[in-house]
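Some notes on the structure that comes next.
The values are calculated or read from the model by the stated rules, or taken from the named source; none is laboratory data. Because the structure is a prediction, the values reported are computed rather than measured. Cβ sites come from the backbone with ideal geometry, for glycine too, and all protein chains shown count toward neighbours. We work out accessible area using only protein heavy atoms, side chains counted, and drop any ligands, DNA or RNA first. Shrake-Rupley method; radii C 1.70, N 1.55, O 1.52, S 1.80 Å.
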Amino acid sequence: MRFDVDPEASAPPFEQVRAQVVAAVHEGALTPGEKLPTVRALATELGLAVNTVAKAYRALEHDAVIETRGRSGTFVAPQGDAAQQSLQQAAAEYAALA
């Protein structure tokens, strides 16, 4: 997944990153369990300060869009209720097999 930040946009860079991740999750471009780049790697890629990307990740984690698993990294969080999460997991397993 590629993210872009428009320095001329009225939205601050952290909000642009946050909105792009949310949109990618809702569109299915980012699936539950998918690993996201580290804060430092994404900041370098986008030419942003590490704290800017960290702020976006904190907001996404607060909204339960992503989850941090310690040293394992940051991943797209399971979405919806338990039944929906189960369906998403089954779909991800099927896609991996296909």
Which pairs do you get when a residue that is within 12 Å of Leu60 (Cα to Cα), found in the range 1-27, comes within reach of a residue that is part of a helix (DSSP H, G or I), reach meaning Cβ atoms under 6 angstrom, with the pair 6+ apart or on two chains? Phe14/Thr52; Phe14/Lys55; Phe14/Ala56; Val17/Ala56; Arg18/Ala56; Arg18/Ala59; Arg18/Leu60; Val21/Leu60
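With respect to Glu27, determine if the residue is more than 11 Å from the chain's Cα centre (by Cα), open to solvent by 50 Å² or more (accessible area, probe 1.4 Å) and under 21 Å from Gln79 (Cβ atoms).
For Glu27, the condition - more than 11 Å from the chain's Cα centre (by Cα), open to solvent by 50 Å² or more (accessible area, probe 1.4 Å) and under 21 Å from Gln79 (Cβ atoms) - is met.
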Testing Asn51 on (1) within 21 Å of Glu93 (Cβ to Cβ); (2) open to solvent by 50 Å² or more (accessible area, probe 1.4 Å), one condition comes back false. Which one is that? (1)
Inspect all residues belonging to the range 58-68 and state whether any of them is assigned to a helix (DSSP H, G or I) and open to solvent by less than 60 Å² (accessible area, probe 1.4 Å). yes
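From the set of residues in the range 35-48 that are part of a loop (DSSP other than H, G, I, E, B) and open to solvent by 60 Å² or more (accessible area, probe 1.4 Å), which is farthest from Val5 (Cα to Cα)?
Thr38
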